[in-house]
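Peer 1: Here it is: the structure, laid out below.
The values are calculated or read from the model by the stated rules, or taken from the named source; none is laboratory data. Not measured: the values here are computed from a predicted model. All Cβ positions, glycine included, derive from the backbone under ideal geometry; neighbour counts span all protein chains shown.
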Amino acid sequence: MNKGNGTDRLMPIAAGVMFFLFWQLGIFHLLLGVELYQLPLPSSIGATIVDKLPVLLAYSWVTLTEAVFGILVGSLLGFIVAVLATVFPKWGYGGLFVLSALNAVPIIALAPIMNLWFGDGLSGKIAVVAITTMAAMAFNAYRGLNELKPFAEDLMQSYGASRWVIFYKLRLPNSVTHMVTAMKINVTAGMIGAIIGEFFYSSKGLGYMISNSVKVARMSEGWAGICFAALIGIGLYSAVSLVERYKLKWHASQQIN
C-alpha cells in the first residue's frame, strides 16, 4: 500500500523532470519547429528570473491584488444573484440569464471597455476579474441551493419550518461544496482575467510585463512572467483546496477518505 502511494507521488515529479529535460535539450524546438528566441530554454528563463526578481515580485503583487479582490467581488455578486434566483424565482432568475449572456462574451472583448471606464488602476482590472468570475459562482451556488435531497424540504415544511429557516438550515449548507467548486474555477479564471486586463491598458503587473516583453522580443522576460503567473494560480488553487479539506470536515463530501 505504502509502495503504491510512493510511486503515485513520484510519477508527477518524474514527468515534470522529463518535461524540463526535453525542453532544456531542445527536443521541443525540433518537434515544434521553433527557434530559441521564440521558446527560450529553462536555463535562460531561470537566469532572467534571478536578474529580474525584484520587478517580478512587485508585478506579481499587483496582479495578485487585482485577482484576489476581483475574485471576491465577482464571487459575492454571483452568490447574490444565485440567492435572488432561489428566493425570488419569478424575477431573480433573470439575473442568471443576464450572467449567461455576459459569460458568452469573450473577456478579451470586455477588458478594453472596463479599462476605459475605470482607467489605469486597480479598479479596471478588478472589474474585469469580477465579470470573469461571477457566472461560475452564480450557477454553482444556484445548483447547490436548489438540488436538495429528495423530500428534505417537504420534511422540514411538515415540521413547520419557515421559508427562511429552510434556506438557512437546508439550502445554504447544501450549497457549500458547490461554492467551493466555483472558487476553484474562479481562482484560475480570475488570474486569466487579471492578466488580460493588464494586456490592454496598464503600466505594471505580470500581464503588462508579458505583453511588453513579447513586443520588444525579450521572450525570456515574458516567460518569466508566465512562470510567476502560473505559480500564483497554483498557490490560489491550493489555498482553496486546503480550506475545503480542513474547514469542511463536517460535510459528507469530506467523509469519503
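Peer 1: Would you please list the contacts, defined by Cβ atoms under 6 Å and residues six or more apart or on different chains, that run from a residue in region 39-57 that is within 18 Å of Gly207 (Cα to Cα) to a residue that is crowded, with 18+ Cβ neighbours inside 10 Å and of a type outside the set (Gly, Ala, Ser)?
Peer 2: Ile45/Trp223; Thr48/Glu221; Leu56/Phe228
Peer 1: Taking into account only those residues within region 116-158 that are closer than 19 Å to Val87 by Cα and among the basic types (Lys, Arg), which is modelled with the lowest pLDDT?
Peer 2: That would be Lys149.
Peer 1: Something else now. Taking region 188-201, which residues are surrounded by fewer than 24 Cβ atoms within 10 Å (Cβ to Cβ) and either outside the structural domain of Asn115 (by the TED database) or touching a Phe, Trp or Tyr at 6+ places or on another chain (Cβ under 8 Å) (or both)?
Peer 2: Passing the criteria: Thr188, Phe199.
Peer 1: Under the condition of being modelled with pLDDT under 90 and assigned to a helix (DSSP H, G or I), which residue from region 214-240 is farthest from Val176 (Cα to Cα)?
Peer 2: Looking only at region 214-240, we keep the residues that are modelled with pLDDT under 90, and these are 214-218.
Retained after the next criterion (residues that are assigned to a helix (DSSP H, G or I)): 214-215.
Numbers: Val214: 42, Lys215: 44 Å.
Filtering first and then ranking leaves Lys215.
Peer 1: May I pose another question? Could you grab me the full set of residues in region 194-210 that are small (Gly, Ala, Ser), assigned to a helix (DSSP H, G or I) and modelled with pLDDT under 90?
Peer 2: If we filter region 194-210 for residues that are small (Gly, Ala, Ser), which is where we start, we get 194, 197, 202-203, 205, 207.
The next check asks that each one be assigned to a helix (DSSP H, G or I); those that pass are 194, 197, 207.
Result: Gly197, single match.
Peer 1: Kindly establish whether Ala161 is under 25 Å from Ala82 (Cα atoms), assigned to a loop (DSSP other than H, G, I, E, B) and at pLDDT below 90. Break it down into steps so the answer makes sense when it comes.
Peer 2: Numbers: under 25 Å from Ala82 (Cα atoms): yes; assigned to a loop (DSSP other than H, G, I, E, B): yes; at pLDDT below 90: yes.
Judged against the criteria, Ala161 is a match.
Peer 1: Counting only residues that are crowded, with 16+ Cβ neighbours inside 10 Å, give me the helices (runs of 4 or more DSSP H) lying completely in region 5-107 with at least 2 of them. Can you show your working first?
Peer 2: Working: elements: 27-32, 42-51, 53-87, 89-103.
Those helices (runs of 4 or more DSSP H) span 42-51, 53-87, 89-103.
Peer 1: Any residue that is touching a Cys at 6+ places or on another chain (Cβ under 9 Å), modelled with pLDDT of 90 or more and more than 17 Å from Phe139 (Cα to Cα) - is there at least one of those in region 66-81?
Peer 2: Applying the first criterion (touching a Cys at 6+ places or on another chain (Cβ under 9 Å)) to region 66-81 yields none.
No: region 66-81 contains no residue that is touching a Cys at 6+ places or on another chain (Cβ under 9 Å), modelled with pLDDT of 90 or more and more than 17 Å from Phe139 (Cα to Cα).
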